[in-house]
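Below: one structure, written as structure tokens.
Nothing in this text is a laboratory measurement; each read-out follows from the coordinates by a stated rule. As the structure is a computational prediction, the values presented were derived from the model and not from experiment. Using ideal geometry, Cβ is built from the backbone for each residue, glycine included, and neighbour counts are taken over all protein chains shown.
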């Protein structure tokens, strides 16, 4: 195994299951079962938090910017932050391996379902006669079931595709050239996400030409955003690897998405 940017030792975790700061060790993901990883819980919490907030706060607003030579250009505000969940998905897979990233995807999936259920219940509750915010509340949180379904399915499939491609590319590149797998996995993951979300959510409601235009535009913006965030991805990956003291390769990993085993 090879660690990008420095030498590694192929040591397994210690007998107490702890992996601390020191030399970065290249390990197979299967060796990490039961290991105490210092920052994994924080990374998972950040992943789920950004996922939920980008869907709650970002999805409710259409913003507009004025571009040179193009003019006014509307866009969903969520596009500014939702791609960060893919960056964190890259970081989780690169640092902790596919199995732990898979656990985060399922945590996010469950959180999205509960958020959709809670939104439906709260919106459906009869408002107090002296409260005049029901219409505004419905406009923000009263998403149609079709869009909610499209969002959840697209996230689930896109994130798993992203994580799978990155883990496989890491083995093929022997841990070198991180940028190729963060960008390459996003190209695939965001394609799966967009190809599911926009047709499921809008075919029959929008003209087919409009669906295709929005799909391609949003896809290009998301991938471009990932490219711009590459330096930050490098910093996060390197910081976590040094503090966890490991570099995980998914050589013996079971890549089924239908598991939460780490």
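Per residue, the convex hull spanned by the Cα atoms of the range 41-135 measures out at 132 cubic angstrom.
Subtracting the Cα-Cα distance of residue 210 and residue 173 from 0.36 nm times their residue separation leaves 9.4 nm of extension gain. Remark: spin-label model distance residue 251-residue 147 equals 4.8 nm, labels positioned 7 Å along the Cα→Cβ axis. Here the range 228-256 is scanned for amide nitrogen atoms under 11 Å from the site 7 Å beyond the Cα of residue 38 along Cα-to-Cβ, giving 240-246. The range 211-262 and the range 172-199 have Cα centres spaced 8 Å apart. Helix 178-202 and the longest principal axis of the Cα set of the chain meet at an angle near 30°. Against the longest principal axis of the chain, how steep is helix 98-124, in degrees 0 to 90 to the nearest 10, with axes from Cα atoms? Tilt of helix 98-124: around 20 degrees.
Taking 7 Å steps out from each Cα toward its Cβ at residue 180 and residue 77 produces label points 4.1 nm apart.
When both bridge partners sit in the chain, DSSP labels roughly 50% of those beta bridges antiparallel. Counted over all Cα-Cα pairs of the range 81-156, pairs farther apart than 15 Å make up 65 percent. Translational diffusion of the range 175-259, estimated by Stokes-Einstein from the Kirkwood radius over alpha carbon pairs at 25 °C in a medium of 0.890 mPa s, is 159 µm² per second. When peptides 243-252, 133-142 are ranked by their average number of other Cβ atoms within 10 Å per residue, the highest-first order is 243-252, 133-142.
Name all residues of the range 71-109 having a backbone nitrogen under 11 Å from the label point set 7 Å from the Cα of residue 188 along its Cα→Cβ direction, giving them as ranges. Zone members listed by number: none at all. If you take the Cα centroid of the range 100-141 and the Cα centroid of the range 40-93, the two points sit 18 Å apart. Sorting the segments 42-52, 68-78 by their residues' average number of neighbouring beta-carbon atoms within 10 angstrom, most packed first, yields 42-52, 68-78. Measuring spread by the Cα atoms of the range 103-262 yields a radius of gyration and Dmax of 19.5, 64 Å.
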